[in-house]
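The values are calculated or read from the model by the stated rules, or taken from the named source; none is laboratory data. Worth saying up front: this structure is predicted, and the values here are computed from it rather than measured. Glycine also receives a Cβ, built like all others from the backbone with ideal geometry; neighbour counts cover every protein chain displayed.
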Amino acid sequence: MKGLFLSHLEKRAEAHEFIRKGLKQDLTSHICWHVYGLLHRGEKNYEEAIKCYSHALKYDKENMHIIRDYSLLQVQMRNFEGYTDTRYQLLQLKPNNKLYWIGLAVAHHLNNDHASALHVLDTFETSLNELPVNYLDYEHSEMLLYKNLILEEMGDLKVALTHLERIKKNVLDLTSWKESKARILMKLKNFELASIIFSELFESNSDSLEYLKGLEECRGLNRGQPNENVNKVIAFYENLKNMYPKSHIVQSVPLFYTKEENFSNALSEYLKPSLLKGVPSLFVTLKDLYNEEWRIELIYQLLIKFYDNLVNIQKFEESEEELAAPTATLWTAYFIAQHFDYLRDSDKALEWIDVAIDHSPTLADACMIKAKILKHAGDKKSAAEAMNEARELDLQDRFINTKCTKYMLRNNEDLKAKETIGLFTKADVDTIEDLKEMQCMWYFIELGKCYSSQYNFEKSLKTFKFVDKVFVDIFDDQFDFHSYCLRKMTLTDYGKLLKTEDTIKKNKFFVKSSLGALNCYEKILDKKLGKDSNIFNGESDESKLSVSEQKKLARKQRKIEEKLLKEKFEQESKNKENTKTNREKTDEKKSNADTKKIEDDDPEGKKILELDIDIILKEAIKTFLEPLLEFSPSLIEGWCFGIEFYTRQEKYLLAWKCLKTGVKLSKFDPEIIKKSVKFLHHFYENFDNVNATVSEIFFSELMEIDPFELNLQDEAKNKELIKTTLDKLMSKLENFNTTLHQFVLLELHLELFNKDSQEAFINFQNYFKGKKVQTIRGWECKRFGWEAEFKLNEEKDDKIVLIGMDMAKKILTYIRNIKEFDDKNEILEFFKNFFVKFDALI
Amino acid sequence: MTVEKKNFNLATSELTLNHAKQLQTINKVVLNSHYDLKFSKNACNDLTLLGFFNDITSGAITCKKLDEKSIEIETIAVLKNYQNFGLGSLLVKDLLKNLSTLKFQKAFVKISKLNNITIELFKKFEFAVDTECKENVERDEDFVYLVKDIVAEN
């Protein structure tokens, strides 16, 4: 008992000690084991807790409390078989408790044993002593719907349907009931009846895309092939438009079906009211129309016509009688700007957004779009400035504040960003602490990226790890629901919850943080291996600054920090005054101060540098790589990291598996070629240490699958095969005419075959000679970059290279940092002139 | 001239600190004024109104308190594209309403002689040429001085 108390007093170590003492006294005491289990559970160490509980049960088989807790742990660990057994035991002990009946049914269902689940529910229902026919009770209603779901999942749809009809009078949640019915009818292909139900549902929510799709399907209108029965579709929507004039989707969806000759008219009908009213999100709703060239052209023509007419005669069209409001001009220009931004024509987009801003300089939305365009053009600094202007126009808008914080982080201004987001966090708590408390993941992901781009990978990794912790917390949070959902009978939704929790790491925040974290691990490992990574990390850029400049920088930084501290102090003293009168609040503050005392002993995250390489690798793979590959298999970046990390672990077959999967996703992705070359190189260098079976499997698969189409059939299966593959892959890369491929080639030469650096640079320069540079949306989205350039080269003009600011900056840094060679200055000058457009960085 | 149509929605509201920058922007664009953000922040009171056209901030009027009973209208501005739709009139009208609730008795305004439109606007609201001259204040020849007695609202 003392142990239990201590654990609640935050004295973990002592608590363990005391409980162990207790156990030593009497190993057969179920109480001691139970308490030990509780302690482990409190620490979220579920595996240990389960062990303790099973010990406790050994000595007291019929203790309800222990069995119930035990079952909760089992479902948390997804041990459904054990869970079913335990639940059965509970029911036997207390057969008159409704909860245990339901619990057993759920357990059977989770264990994929639908028939038993159904049987339990049936028995339970018959045991309920004659309910009144129209018995209405929420819990009962949920139970019935749950039973219906089981019936539906068992596949006997007709039975499910009859059951559904029978329970209707006892069901409270009629929307779910109707949804189930429509779903079952659709599966039974009874479209006529389903259509009636969907109509009813659509009536209740006429902006639901799901119901609308259902309706379409019932009418045999296939979304995939809109050309087949266009007239039917249009008529169907005309009808709906009359019935639900206020529904937005009924207005916008038919545009996707409209044929070229009617498109302008239909679009014009749709656009005019929105442009008059001023709908900032108008472009977003129509973005999906941009998948056809002719549509893009027609949209542009229509908007330009509107704009000219509005400027000259204040009407959309000459035939109109009423004058349009001046805001219509504004929103039209605003739309056109987004149109060009979407087509990656940043210059024209900027021209048009300036038209909108000149028209109404007070509109924050327009400034936001300007920031967005600048971001896409790769100019993070101006983007952050523009977003800050938007923020200043409307200081109470949390959304803009948030966006602004994000843009600042992208521009490496972490202190300023903290200040900005701090305007909206709790006043009496530290900004970062509050953001952690609120599990504000986007902030930490952006902050992590920000540290990464400052080459502070340790701190960055620490930040990304926090995001992972949030996911662990989310998974832990379900624990309370195991008992709560059973008690409240929200069984259908409980099932959904469990499914969501199982795949929680699909979430884009987890994906983003994993990619960021893996990148940090890679850099940290390089650092530990003592690789000369100076060329790549740009740190020397800073060290090249003269001493006085460095001092200046430091002083500047200090000034900002001092200013922040001062402001914080002022704010805090203000808060103190406010709270003086309110004693309760001051108490709260005290407790806050108490928690703050637990200070982070490693704020920079440097401790990781002390760990062994193997441990770091294992941690990276277990925490980030494995879940990433499992839950986001369509993400090529994940497979690239897979190759990288498994190669480092010398698990060549796993790396090879990642390579195969990655190549299947995108054959000549520059990143995957880069990682593959590195893998082959490493394999070649360490070939003598490799197990013969491994190399045997590798060789035969390599020749059979030949992922990069290198024609390897005639080669002998030995070490030299790797070398041949490597060389062939490199020459393949040389012939690939995109900036990113050439850049990867350069990087590989510098990284693996350092001796060729001079030649590599000259080759790289040759690629650019006689070409024109064109900016592209931020080069961070590399894949998009090379695909766009590839398309451009194929179709129009191979004299243009697409390049983003990041890329240009990297190239210049590389050249600056590489050791002296004959033509170095000349090459540097060439690229400086080449990138003259990005004068900000030269 | 007031244009009233279904898609023309005019409104005013008092300036808050959060939107001070909007006032600054309007005054800068329309009046080419050198007022800084501090001016706009100080103007956050019952005597400053922002005007909206279809929810877009497109006009503003600011005042200076002269004493307990009287104020001077310092600036009035409507963005170029939103002029001639009655927003200026609405700003003056709503301001006068506020002034009378706040028990002010006199409103002064000084307008450049070249600015006929604004002079007409105020005359429409029964501003009259101020004949009295305060002591020790020399009047600028290029400006017209208008004044209005405000009737208290019950």
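Residues that are over 31 Å from the mean Cα position of the chain (by Cα) and either among the aliphatic types (A, V, I, L, M) or within 14 Å of chain B (Cβ to nearest Cβ) (or both) within the stretch A:332-371 comprise A:THR332, A:ALA333, A:ASP354, A:VAL355, A:ALA356, A:ILE357, A:ASP358, A:HIS359, A:SER360, A:PRO361, A:THR362, listed in sequence order. In summary, helices (runs of 4 or more DSSP H) completely within the stretch A:715-774 and bearing 3 or more residues that are more than 27 Å from A:PHE683 (Cα to Cα) occur at A:757-768.
Taking (1) modelled with pLDDT of 90 or more; (2) over 23 Å from B:LYS69 (Cα atoms) in turn, B:PHE122 satisfies each apart from (2).
Just checking, does the stretch A:265-288 include any residue being in contact with a strand residue (DSSP E or B) (Cβ under 9 Å, 6 or more places away or on another chain) and surrounded by 15 or more Cβ atoms within 10 Å (Cβ to Cβ)? Yes - at least one qualifying residue is present in the stretch A:265-288.
If you go through the stretch A:335-354 one residue at a time, do you hit one that is out of contact with any helix residue (DSSP H, G or I) (no Cβ under 9 Å at 6 or more places or on another chain) and more than 30 Å from A:PHE835 (Cβ to Cβ)? The answer is no, given that none of the residues of the stretch A:335-354 is out of contact with any helix residue (DSSP H, G or I) (no Cβ under 9 Å at 6 or more places or on another chain) and more than 30 Å from A:PHE835 (Cβ to Cβ). Please go through the stretch A:297-322 and pick out each residue that is surrounded by 15 or more Cβ atoms within 10 Å (Cβ to Cβ), out of contact with any His (no Cβ under 8 Å at 6 or more places or on another chain) and modelled with pLDDT of 90 or more. Across the stretch A:297-322, the qualifying residues are A:LEU298, A:LEU302, A:LYS305, A:PHE306, A:TYR307, A:ASN309, A:LEU310, A:PHE316. Give the number of residues within the stretch A:419-445 that are among the basic types (Lys, Arg) and over 22 Å from the mean Cα position of the chain (by Cα). Adding up the residues that qualify gives 1. For A:LEU486, state whether it is under 29 Å from A:TYR83 (Cβ atoms), in contact (Cβ under 8 Å) with a residue 24 or more places away in the chain, over 21 Å from the mean Cα position of the chain (by Cα) and not in a loop (DSSP other than H, G, I, E, B). The answer is yes for A:LEU486. Please indicate, with yes or no, whether at least one residue in the stretch A:429-442 is under 29 Å from B:SER40 (Cβ atoms) and more than 14 Å from every other protein chain (Cβ to nearest Cβ). Yes, the stretch A:429-442 contains a residue that is under 29 Å from B:SER40 (Cβ atoms) and more than 14 Å from every other protein chain (Cβ to nearest Cβ). For A:ALA390, the criteria (1) of a type in the set (Gly, Ala, Ser); (2) in a helix (DSSP H, G or I); (3) out of contact with any Cys (no Cβ under 7 Å at 6 or more places or on another chain) hold in every case but one, which is (3).
Taking the conditions (1) at pLDDT below 90; (2) at the interface with chain B (Cβ under 10 Å from one of its Cβ atoms) in turn, A:LEU395 satisfies each one other than (1).
Results for (1) over 35 Å from the mean Cα position of the chain (by Cα); (2) among the polar types (S, T, N, Q), shown as yes or no for each residue.
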{"site": "A:ASN239", "(1), (2)": "yes, yes"}
{"site": "A:ILE249", "(1), (2)": "no, no"}
{"site": "A:LEU282", "(1), (2)": "no, no"}
{"site": "A:TYR290", "(1), (2)": "no, no"}
{"site": "A:ILE299", "(1), (2)": "no, no"}
{"site": "A:VAL311", "(1), (2)": "yes, no"}
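Within the stretch A:329-353, being touching a residue at least 60 places away in the same chain (Cβ under 8 Å) and within 16 Å of A:ILE296 (Cα to Cα) holds for A:PHE335, A:ARG344. Just one of the numbered conditions (1) without any contact (Cβ under 8 Å) to a residue 40 or more places away in the chain; (2) crowded, with 16+ Cβ neighbours inside 10 Å is not true of B:VAL30: (1). Pairing each residue of the stretch A:302-328 that is within 11 Å of chain B (Cβ to nearest Cβ) with any residue that is hydroxyl-bearing (Ser, Thr, Tyr) and surrounded by 15 or more Cβ atoms within 10 Å (Cβ to Cβ), provided the two are 6+ apart or on different chains, yields C-beta distances under 7 Å for A:LEU310/A:THR329; A:LEU310/A:THR332; A:VAL311/A:THR329; A:PRO326/B:TYR82. Output the residues belonging to the stretch A:500-525 that are among the β-branched types (Val, Ile, Thr) and not in a helix (DSSP H, G or I). Within the stretch A:500-525, just A:THR503 meets the criteria. Any chance the stretch A:264-279 includes a residue that's away from chain B (no Cβ under 14 Å), hydroxyl-bearing (Ser, Thr, Tyr) and closer than 30 Å to B:LEU10 by Cβ? Yes; the residues of the stretch A:264-279 include at least one that is away from chain B (no Cβ under 14 Å), hydroxyl-bearing (Ser, Thr, Tyr) and closer than 30 Å to B:LEU10 by Cβ.
Among the strands (runs of 3 or more DSSP E) confined wholly to the stretch B:32-102, which include 2 or more residues that are away from chain A (no Cβ under 11 Å) and hydrophobic (A, V, I, L, M, F, W, C)?
B:56-65, B:70-78
Picking from residues in the stretch A:372-392 that are closer than 22 Å to A:PHE424 by Cα and among the aliphatic types (A, V, I, L, M), the one that is farthest from the other protein chains (Cβ to nearest Cβ) is A:ALA383.
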